[in-house]
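Encoded as structure tokens, the structure appears first; notes follow it.
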Amino acid sequence: MQKKLNNNRIQLPQMNVSRVGRKVFFTGEVNEDSMHELLRTLAEIEWEDEEQQPQDKVEVLINDFMNSVDLLKCKKQDKKSIYNELDDSINTYNNDNSLNRLPIQLYINSFGGNIYEALNFIDVVRLMKTPVHTIASGKCMSAGALMLMAGDRRFATLNSTILIHQMSSGTYGNFQTMLEDMAEFQRLQDLVNDLIMTYTNVDEELLQEIQESKYDYYMDVEEALDLGIIDEIL
């Protein structure tokens, strides 16, 4: 770990991600470094699940097959029925979804940050075989709120605050550059709006009101529950 010197005092780089078992805690800004560390941690847990799964699946295969054979014997079925049952058991074994994995519990405590990194986080979580339960803890705002919405199930601790708002951006340079930047800004805003409306009960009217009024929409956990941003209050 690289140390930084500042005014003759040693400072260690701030760690945004920590893990205890299947609980992962993310605190701080949503940026390239913090998202890299978070996604690496989630990938480690999924890799551990992949390593454990073959032995678990073999045990499930053997138990299911033996139980089925015993049942078929009681019914005095022929060998063909037993072979068919074996084929069914093997098909179940080969199905990645045949075993339920314990979810990862991801606690998010963030004012937000880079929208590109939040969108990347959403895509990666959606592709994971291991379910991720996101939990708003303390504050879950802007890009942090988008991360919250990526969970297979979404929760919030009782005294948390959640915020959604219009994206903010700055542009400079020649006129053509500013036009291109504004077009990209609008593309991202439309993408974020679509994601919010897809994964929550927030409608286009409310999003338009927020965008036109240029204000931050703070909500407590009760309102977040009503709007479908979370599934349950902890």
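Would a scan of the stretch 186-193 turn up a residue that is surrounded by 12 or more Cβ atoms within 10 Å (Cβ to Cβ), hydrophobic (A, V, I, L, M, F, W, C) and modelled with pLDDT under 85?
For the stretch 186-193, residues surrounded by 12 or more Cβ atoms within 10 Å (Cβ to Cβ), hydrophobic (A, V, I, L, M, F, W, C) and modelled with pLDDT under 85: absent.
If a residue must be surrounded by 14 or more Cβ atoms within 10 Å (Cβ to Cβ), of a type in the set (S, T, N, Q) and within 15 Å of L225 (Cα to Cα), how many such residues does the stretch 197-212 contain?
The total comes to 1.
How about the stretch 138-164: which of its residues are within 17 Å of I122 (Cα to Cα) and part of a strand (DSSP E or B)?
Matches in the stretch 138-164: C140, M141, R153, R154, F155, I164.
Inspect the stretch 36-48 for any residue being of a type outside the set (A, V, I, L, M) and not in a helix (DSSP H, G or I) and give the result as yes or no.
No, the stretch 36-48 has no match at all.
Given the structure, is M182 at pLDDT below 80 and within 18 Å of F111 (Cα to Cα)?
no
How many residues are out of contact with any Ser or Thr (no Cβ under 9 Å at 6 or more places or on another chain), part of a helix (DSSP H, G or I) and in contact (Cβ under 8 Å) with a residue 24 or more places away in the chain when one looks only at the stretch 179-204?
The total comes to 5.
Among K73, K57, which is among the basic types (K, R), in a helix (DSSP H, G or I), surrounded by 13 or more Cβ atoms within 10 Å (Cβ to Cβ) and modelled with pLDDT under 95? I'd like the intermediate steps shown before the answer.
Details: K73 fails: surrounded by 13 or more Cβ atoms within 10 Å (Cβ to Cβ).
Answer to the selection: K57.
Go through the stretch 138-170 and report how many residues are touching a His at 6+ places or on another chain (Cβ under 7 Å), modelled with pLDDT of 95 or more and within 22 Å of Q189 (Cα to Cα).
1
Does N97 satisfy being modelled with pLDDT under 95 and over 30 Å from Q186 (Cβ atoms)?
yes
Give I135, I108, I122 a once-over and let me know the one that is in contact with a Leu (Cβ under 9 Å, 6 or more places away or on another chain), among the hydrophobic types (A, V, I, L, M, F, W, C), modelled with pLDDT of 75 or more and not in a strand (DSSP E or B).
Testing whether each residue is in contact with a Leu (Cβ under 9 Å, 6 or more places away or on another chain), among the hydrophobic types (A, V, I, L, M, F, W, C), modelled with pLDDT of 75 or more and not in a strand (DSSP E or B) leaves just I122.
The values are calculated or read from the model by the stated rules, or taken from the named source; none is laboratory data. Everything numeric here is computed off the predicted structure, so don't read it as measured data. For neighbour counting, all protein chains shown are included, and Cβ atoms are generated from backbone atoms with ideal geometry for every residue, glycine included.
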